[in-house]
Amino acid sequence: MKKIALYPGTFDPITNGHIDILKKATEIFDHVVLAVAEDTGKNTQFSLDERKKLCTEATAQIERVKVDSFPGLVVDYAKKIGAVAMIRGLRAVSDFEYELQIALMNKQIDSGINTIFLVPDYKYLYLSSSLIKQIIRLGGVLDEFIPPCVGQALKAKTNNTDNC
Ligand code: ADP
């Protein structure tokens, strides 16, 4: 039976750090579903449709990956697609407490779902979507850390805001 993993997140927007984790997950699992959370509790810069579209475009060349979105509880969605594991990325120590909390809570809700933590390549260890947004807003160039479509989308957002 094919082993499916779920990689959930806010992806506001997707970065090369996320993509690095996704690629690593495809080396372990037969299929990986990257799923954009609809109910994040976060004030996102990009709408759900925009986040999903950017994820689809940025991962188009990676085989055995599907992009989707989900409302409500991630464990319900994981069950719905028949995922055997949930993938999360661990960067610096600061991620650990938060990620452990979520993993334990998800396990409490559904003991059948295990969370697997993957560590990105060194150069992505301190990369986050919020840092990217901040730097682009200030006019910085970060081509090494974001897919081209994300760079364009961020610049368009910044220009729109400037014109307001
Ligand atoms: P969430 O709001 O669910 O934390 P994010 O889009 O911020 O969604 O992150 C999704 C997952 O990807 C999280 O597990 C996060 O730790 C991981 N992640 C984000 N950026 C990186 C990165 N640069 N390297 C490795 N993992 C990352």
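Taking the stretch 104-123 as the range and being near the ligand (Cβ under 10 Å from one of its atoms) and either modelled with pLDDT of 95 or more or more than 30 Å from K155 (Cβ to Cβ) (or both) as the test, the residues that pass are T115, F117, L118, V119, P120, D121. Selection of the stretch 20-34 for residues being β-branched (V, I, T), assigned to a helix (DSSP H, G or I), open to solvent by less than 50 Å² (accessible area, probe 1.4 Å) and more than 9 Å from the ligand (Cβ to nearest atom) yields only T26. Do we find a residue being in contact with an Asp or Glu (Cβ under 7 Å, 6 or more places away or on another chain) and more than 21 Å from E57 (Cβ to Cβ) anywhere in the stretch 114-127? Yes, the conditions are met somewhere in the stretch 114-127. Scanning the stretch 45-55 for residues that are surrounded by fewer than 17 Cβ atoms within 10 Å (Cβ to Cβ) and either within 12 Å of the ligand (Cβ to nearest atom) or hydroxyl-bearing (S, T, Y) (or both) yields one hit, S47. Among the listed residues A37, A5, A58, identify the single one that is in contact (Cβ under 8 Å) with a residue 40 or more places away in the chain and either under 19 Å from A103 (Cβ atoms) or open to solvent by less than 20 Å² (accessible area, probe 1.4 Å) (or both). Within the list A37, A5, A58, the selection yields A5. Annotation for the stretch 27-44: no member residue is closer than 13 Å to P120 by Cβ and either in contact with a strand residue (DSSP E or B) (Cβ under 6 Å, 6 or more places away or on another chain) or modelled with pLDDT of 95 or more (or both).
No other residue among K79, K107, K123 is open to solvent by 70 Å² or more (accessible area, probe 1.4 Å) and closer than 21 Å to K23 by Cα apart from K123.
Looking only at residues in the stretch 61-76 that are more than 15 Å from the chain's Cα centre (by Cα) and among the aliphatic types (A, V, I, L, M), the one that is surrounded by the most Cβ atoms within 10 Å (Cβ to Cβ) is V75.
The values are calculated or read from the model by the stated rules, or taken from the named source; none is laboratory data. Nothing here was measured: the structure is a model prediction, and the numbers come from that model. So basically every Cβ, Gly included, is an ideal-geometry build from the backbone, and we count neighbours across all protein chains shown. The area values use the complete protein model at the heavy-atom level, side chains included, leaving out ligands, DNA and RNA. Shrake-Rupley method; radii C 1.70, N 1.55, O 1.52, S 1.80 Å.
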